[in-house]
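Everything below concerns the one structure shown next.
A short reminder: the numbers here are calculations on the coordinates, not readings from a lab. Please read these numbers as outputs of a predicted model, since none were measured by experiment. FYI the Cβ positions are ideal-geometry reconstructions off the backbone, even for glycines, and counts take in every protein chain you see.
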Amino acid sequence: MLFNYKQRNNVVLIILIVLGSAILYSLRTIAGSLLSTVIMYTIFKPIYCYLVERWSWNRVLAAISIILGSFVIIVLPFLILSIMVIGKIAEFQKDPIQIKVSISRLEDFLAEKFNKLDLLENMTQKVSTFASDLFPSIVGGAAEILLGIVIMYFLLYFMFTKHEDFENQLMHYSPFKEHHAVKFATELKNTTYSNVLGQGFIAMVQGSLVSIGFFIFGINDAVFWGVISTFLSFLPVIGAPIVFIPAALIELANGNQIAGIGLLLWGLILIINIDNVIRFIIAKRVADTHPIITVIGVVIGIPVFGIMGLVFGPLLLSYFILTIRIYETSRLAAERLERIKSTEEK
């Protein structure tokens, strides 16, 4: 039986769908690396273009410089901080007596003041589960992390040095019309800046303020808890308070009224409100990500990407919503065009 032209195209389309699905399934283990590549390209492309076009740098030199710089500025500190946090958690697990004493005092304090005896135990179990998802063993997954970094920078190098070809191919195979594709690229850049640079800056500021507050009021492990707050501050509103409120309550339970009340005021007045101020500035300059998108994105992202889910989850959800908006715009434009054609034919 011979196939006609349309049937052959349908068969080819089915084969493409099957092969594409198989490839996507095979790439699931490096999905984080692929998404990291898109983020790094979006963030550093203006710098790359500035080096090549304004300073007349060689493309290879500019790409390698950005790769080395981003590794030193972003990847290396992140790995060091993650290892430090995991080491501290392991230290707590080996010597849990101090933690148990603090929790016992806090339970007595809450039972006396608020009659909430089981609340702390349930909260502690949930935080432990969350921490185990957030900070998986870096030592056990060292090879996987190294492979992901190598893949990310390998792709990033060719995306920079061949960026015209790369972007032209994206435009060519884009399902949107050219002006919609350009709009999508602009919105994608703003969304990436808002989620990565904006949220990252907020997280660093809040984490630093938590450390400063702990130093001021004489609470131990100020740097460690500041780092924890930096990670958790990707969760809007509830991030940093997860750290400083229990710490303040523990100080109150231990009888340190000045430290407890002072840390509570420091957190509630300064740390929480600085979040709103920075978000307002970000919303005026690029785009602000709604807190609901961030929270849902984190819930989706952490089980899949671990700690990077704090960034990847909200980002993927934002990309998804952006795609829906572009699709809706294209659909409405097509319907409007059809109505105009129908009116002209009549």
Please list 324-330, 181-187 highest first by mean number of surrounding beta-carbon atoms within 10 Å per residue.
181-187, 324-330
I need Thr29, Thr42 ordered by Cβ neighbour count within 10 Å, fewest first.
Thr29, Thr42
Over segment 177-346, what portion of Cα pair distances is larger than 26 Å, expressed as a whole percent?
43
Please give, to one decimal in nm, the separation of the simple spin-label points placed at Leu34 and Leu79, each 7 Å out from Cα toward the Cβ.
2.4
Within segment 177-346, how many Lys pairs that are eight or more residues apart, or on different chains, come under 22 Å at the alpha-carbon?
4
Relative exposure of His290, His172, judged by other C-beta atoms within 10 Å (fewest first)
His172, His290
Sorted by average packing, counted as other Cβ atoms within 10 angstrom per residue and highest first, what order do 189-199, 264-274 take?
189-199, 264-274
